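A quick write-up on the structure given underneath.
The values are calculated or read from the model by the stated rules, or taken from the named source; none is laboratory data. Only a predicted model underlies this, so the values are computations on that prediction, with no experimental measurement involved. Note that each Cβ is placed from the backbone with ideal geometry, even for glycine, and that neighbours are counted across all protein chains shown.
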Amino acid sequence: MVETLLTNLPGTRDILPEEISSWHLVEGAARSIFARYGFEEIRTPLLEATELFARGIGGETDIVGKQMYVFQDQSGKSMSLRPEATASVVRSYLQHSMYRCAGLAKLYYVGPMFRHEKKQKGRWRQFYQIGAEALGSEHPAIEAEVIEMMMFFLESLEIRAHLLVNSVGDGKCRPQYIESLGQKLRGRLADLCEDCRRRAETNPLRVLDCKVETCQPVIDALPKIADHLCTECSQHFEQVKSYLQEAGVSYEIVPRLVRGLDYYVRTAFEIVSGELGAQNALVGGGRYDGLAEVLGGPRVPGFGFAMGLDRLIMILPEEVRAKGKRPPELFLAYLGDAAFRKALSLGRSLRHKGFSCHFEFTGGSLKSQLREANRLRAGSVLIIGEQELARGRYILKRMEDSTQSEVSLEDLVQHLQKRRCAGLK
Ligand code: AMP
């Protein structure tokens with residue numbers, strides 16, 4: 001056997017059955033809560049033309065410049081594994097002319113993204129995002145509503161998180177701000193990291209995102225965008241804040257929170273968690289009214305976010321994880337061949353009635369079967385021996401307190417129904 005075939009690629013991983021229940025729980029909560037807010041799921045391909053991301057995310061970003069998985073297919077066309085899904089969702093919205101029929105399109109997605117990142121806790125090369133995009137409205141209330149939905153979703157999972165917001169201005173006021181940033185940065189080039197020296201020329205806004213320690217004093221002394229917002233952007237931001245307050249969502253304004261791309265306008269936000277460590281961002285989002293046009297469509301205002309599912313699962317509280325687990329309701333233990341056949345037929349009929357049943361095929365001792373029932377955390381065990389089979393009465397064992405009683409098959413169904421109504425497994 002070739003050893004490397006037995007190991008997954010760096011930055012990827014297997015999500016094993018014991019963990020998957022948490023993923024189902026989180027995805028189920030997102031689907032249920034997003035639907036209440038009128039969002040519908042969209043599934044776009046994992047592979048798209050490289051140009052879609054180059055334009056849709058921006059050539060100057062780390063994602064496009066350094067992290068994309070780019071391939072050429074047999075015809076020589078350049079395609080990439082999606083590093084994020086907003087560009088794909090907007091592409092799909094335009095391709096299917098959704099702007100013609102829907103006033104406001106509310107779309108969400110769940111799925112894997114791919115970025116060639118340096119391996120680090122909380123950073124994967126294949127990671128998963130849940131994201132939502134509201135396309136077709138400039139209203140500040142839609143921003144507050146989307147953020148409120150996200151906070152509600154996190155609360156429902158008992159995740160404590162902190163909302164950071166800012167306004168990045170628009171095409172009218174941001175250019176002057178960028179100009180003044182550029183000027184200040186050109187005077188401090190010697191104090192900046194190599195990437196920021198380049199960004200000072202190509203895209204000064206991205207300097208604000210830099211995490212390199214030596215750049216921080218320079219960044220702290222830079223002018224703040226809040227002092228450069230035009231009246232419209234300033235009023236828009238005031239409204240977003242007031243809608244958030246009305247919704248009872250608390251936030252912190254962080255002046256250096258920007259999305260350094262031309263088509264990101266006005267509100268930018270991030271949700272962070274102190275429990276995540278260095279990679280503390282759980283959600284990133286903002287308004288991107290210029291994106292549809294950059295991709296060649298009409299002007300369509302948009303607002304959305306992407307949440308890192310891997311990171312959310314990392315900090316999901318144990319009590320919440322436990323709610324996602326679905327151990328078998330009944331384990332059928334048998335002794336002898338006739339009892340084995342009874343277990344098979346009984347299991348079949350109970351499964352058709354909607355109950356989850358397990359049994360072993362190895363025909364081990366009663367002790368080893370009970371050990372397996374314990375390991376699976378089965379709610380109850382039905383013991384079928386030759387005598388029980390002959391009498392049509394079986395031994396039922398409740399696993400939480402090890403109490404036993406004799407039951408008929410009708411009693412068994414009633415027992416399982418009662419436990420389900422009582423919320424027991
Ligand atoms: P972004 O698309 O970069 O704005 O990221 C949105 C969210 O996705 C982040 O806040 C993270 O929670 C998550 N995320 C981004 N990159 C990674 C990664 N390499 N590994 C795990 N999660 C990630």
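Observations on the model:
- Only one of the numbered conditions (1) loosely packed, with under 15 Cβ neighbours inside 10 Å; (2) assigned by TED's automatic domain parsing to the domain that holds residue 291 is not met by residue 190, and that is (2).
- Subset of region 106-162 [assigned to a helix (DSSP H, G or I) and either among the hydrophobic types (A, V, I, L, M, F, W, C) or within 12 Å of the ligand (Cβ to nearest atom) (or both)]: 141, 142, 144, 146, 147, 149, 150, 151, 152, 153, 154
- Considering region 246-301, the residues that are within 15 Å of the ligand (Cβ to nearest atom) and basic (Lys, Arg) include one that is surrounded by the most Cβ atoms within 10 Å (Cβ to Cβ), namely 287.
- Qualifying position, being within 15 Å of the ligand (Cβ to nearest atom), out of contact with any Lys or Arg (no Cβ under 8 Å at 6 or more places or on another chain) and modelled with pLDDT of 95 or more, among 90, 70: 90
- Taken over region 174-206, the criterion of being of a type in the set (Val, Ile, Thr) and modelled with pLDDT under 90 is satisfied by 202 alone.
- Every residue from region 203-215 that is in a helix (DSSP H, G or I), of a type outside the set (Asp, Glu) and surrounded by 12 or more Cβ atoms within 10 Å (Cβ to Cβ): 204, 205, 206, 207, 208, 215
- Residue within region 349-357 that is in contact (Cβ under 8 Å) with a residue 24 or more places away in the chain, over 38 Å from the mean Cα position of the chain (by Cα) and not assigned by TED's automatic domain parsing to the domain that holds residue 277 present: no
- Residue tally, condition in a loop (DSSP other than H, G, I, E, B) and closer than 17 Å to residue 167 by Cβ, over region 257-315: 12
- Taking the criterion of being charged (D, E, K, R), in a loop (DSSP other than H, G, I, E, B) and within 26 Å of the chain's Cα centre (by Cα), the residues of region 71-96 that qualify are 82, 84.
- For region 219-228, residues that are more than 32 Å from the chain's Cα centre (by Cα) and surrounded by 19 or more Cβ atoms within 10 Å (Cβ to Cβ) total 1.
- Among the conditions (1) under 30 Å from residue 148 (Cβ atoms); (2) assigned to a helix (DSSP H, G or I), the only one that residue 43 does not satisfy is (2).
- Region 1-32, subset within 16 Å of the ligand (Cβ to nearest atom) and among the hydroxyl-bearing types (Ser, Thr, Tyr), residue nearest to residue 115 (Cα to Cα): 12
- Failed item in (1) within 16 Å of the ligand (Cβ to nearest atom); (2) farther than 21 Å from residue 267 by Cα, with residue 95 passing the rest: (1)
- Residue selected from region 305-334 under the condition more than 16 Å from the ligand (Cβ to nearest atom) and surrounded by 20 or more Cβ atoms within 10 Å (Cβ to Cβ), by the criterion farthest from residue 373 (Cα to Cα): 334
- Verdict on residue 60 being away from the ligand (no atom under 12 Å from the Cβ) and modelled with pLDDT of 95 or more: no
- With respect to the conditions (1) farther than 23 Å from residue 18 by Cα; (2) crowded, with 17+ Cβ neighbours inside 10 Å; (3) modelled with pLDDT under 95; (4) not charged (D, E, K, R), residue 399 falls short on a single one, namely (1).
- Residue that is farthest from residue 129 (Cα to Cα) [pool: residues in region 39-57 that are within 16 Å of the ligand (Cβ to nearest atom) and β-branched (Val, Ile, Thr)]: 57
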